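Engineer: Take this structure, written in structure tokens, and hold onto it; I'll ask about it next.
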Amino acid sequence: MTKLFEAENVSVRFGGLQALDGLSLEVEEGTIIGLIGPNGSGKTTFFNTVTGLCRTVGGRVLIDGENITGLQPRHIYQRGVSRTFQRSRLCLSLSVFDNVVIGRQNSLDLTLFGNLFRRRRFVESVRENHEQVHALLSTFSEPLAARIFDPLHRLNMIDRRRIEVCRALIANPRLLLLDEPSAGMTPDETHEFMGDILKVRSDHPRMSIIIIEHEMDVIQRVADHVVVLNFGKKVAEGTFDAVVANPWVQEAYLGTS
Ligand SMILES: Nc1ncnc2c1ncn2[C@@H]1O[C@H](COP(=O)(O)OP(=O)(O)O)[C@@H](O)[C@H]1O
Ligand SMILES: [Mg+2]
């Protein structure tokens, strides 16, 4: 197994609050890591740190052995880290196509100069983007791909979540970070959506995924390896079976001890 990603002893503070406290975590190529822990345990802060939105006060983050700690978010993104957000950042009035293409930087030149003087290149880039977005949507569902120019507000919750994942995937990431993607979905929608995530993984066998998720049965189904956080520290780690056997997890998640 090849190591793709590594966090070494990462610490983040917000004033007096230690949001991440010496957290270390490794991700092998092609694996899905389930990241769990109570509200406020630092899961989103970890994603924000990996993607360059939070400053560390200690530790390092490496992708393919390259130290990316403290780089600008766009430089981290260019090195193959994409994410979705816990609170949706879709533009409901824009089309499906626009919402996915936003995920790619420098994709469309929409300036007046670009339109007037480089018309052919502009038309060409729209065509390429259209093909790619259509192909991505098709991996989720053909009916969704057929709605590429529908405004997003006409789509239901599960399709909107798929659009968020497509937006992250258009960058062709090596590490995909999913922050509570099942929030607000029914159990049936969650089940269907996790089937999509497993399909994304089989379509991109070298891509790794870290998924923050509260439902233990979802974690059991999708995660190859589980990491448990509490107060910014790793309190348990291993296979799903090993982690649920941990006394702390038993008490916090399963209500037994
Ligand atoms: N930008 C911020 N400024 C101050 N405190 C923050 C900020 N972001 C998160 N926190 C705090 O850090 C802790 C971890 O938050 P978060 O990473 O969002 O937890 P989780 O995603 O596990 O629910 C919480 O106590 C939260 O209130
Ligand atoms: Mg969170």
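Engineer: Whole-Hz Karplus ³J(HN,Hα) for the range 156-161, in order, using 6.51 cos²θ - 1.76 cosθ + 1.60 and θ = phi - 60°, x for Gly and Pro?
Structural biologist: Running phi through 6.51 cos²θ - 1.76 cosθ + 1.60 with θ = phi - 60° gives 7, 4, 5, 5, 5, 5 Hz.
Engineer: On each of the three principal axes of the Cα atoms of the range 28-98, give max minus min coordinate, whole Å, ordered largest first.
Structural biologist: Extents along the principal axes: 41, 31, 27 Å.
Engineer: Skip the ligands, DNA and RNA, and give the accessible area per residue of the chain with a 1.4 Å probe, whole Å².
Structural biologist: For the chain, the per-residue accessible area is 50 Å².
Engineer: Starting from the Cα gyration tensor of the range 45-184, take the square roots of the eigenvalues, sort them a ≥ b ≥ c, and report rounded, prolate or oblate (rounded when a/c is under 1.5, otherwise prolate if a/b is larger than b/c, else oblate).
Structural biologist: It is oblate, given that a/c is not under 1.5 and a/b is not larger than b/c.
Engineer: Another question about this same structure. Sorting check: for 209-218, 63-72, 192-201, which peptide has the highest mean count of neighbouring beta carbons within 10 Å, and how do the rest follow?
Structural biologist: 209-218, 192-201, 63-72
Engineer: Using the Cα gyration tensor of the range 129-257, with a ≥ b ≥ c the square roots of its eigenvalues, what is the shape: rounded (a/c below 1.5), prolate (a/b larger than b/c) or oblate (neither)?
Structural biologist: prolate
Engineer: Around Thr139, with a cut-off of 12 angstrom between Cβ atoms, what is the net charge of the other residues, counting Lys and Arg +1 and Asp and Glu -1?
Structural biologist: Net charge in that neighbourhood comes out at 0.
Engineer: So, with a 1.4 angstrom probe, what is the percent of accessible area on the chain that is carbon and sulfur?
Structural biologist: Within the chain, the accessible surface is 51 percent carbon and sulfur.
Engineer: Let me ask something additional. Would you kindly derive the ³J(HN,Hα) couplings of the range 31-48 from the backbone phi angles with the Karplus curve 6.51 cos²θ - 1.76 cosθ + 1.60 (θ = phi - 60°), listing them in order in whole Hz, with x for Gly and Pro?
Structural biologist: These are the phi-based 3J(HN,Hα) values: 10, 10, 9, x, 10, 10, x, x, 4, x, 7, x, 5, 5, 4, 4, 4, 4 Hz.
Engineer: Also: Against the empirical 2.2 N^0.38 Å scaling, what ratio does the C-alpha Rg of the chain come to?
Structural biologist: Expressed relative to 2.2 N^0.38 Å, the Cα Rg reads 1.06.
Engineer: Find the relative contact order for the chain and round it to a whole percent, using C-alpha pairs within less than 8 Å whose residues are 6+ positions apart.
Structural biologist: Averaging sequence separation for qualifying contacts and normalising by length gives 28 percent for the chain.
Engineer: On to the next question. Hey, which lysines would be in cross-link range of Lys233, C-alpha to C-alpha under 20 Å, not counting anything within fewer than 8 residues on its own chain?
Structural biologist: Lys43
Engineer: With +1 on the Cβ of every Lys and Arg and -1 on the Cβ of every Asp and Glu, and nothing else charged, how large is the dipole of the chain about its Cα centre, in debye rounded to the nearest 20?
Structural biologist: Around 1160 debye, computed over the chain.
The values are calculated or read from the model by the stated rules, or taken from the named source; none is laboratory data. Quick caveat: nothing in here was measured; it's all calculated off a predicted structure. When we count neighbours, we look across all protein chains shown, and the Cβ atoms used for this are built from the backbone with ideal geometry, even at glycine. To get the accessible areas, we keep the full protein, side chains included, count just its heavy atoms, and leave off ligands, DNA and RNA. Shrake-Rupley method; radii C 1.70, N 1.55, O 1.52, S 1.80 Å.
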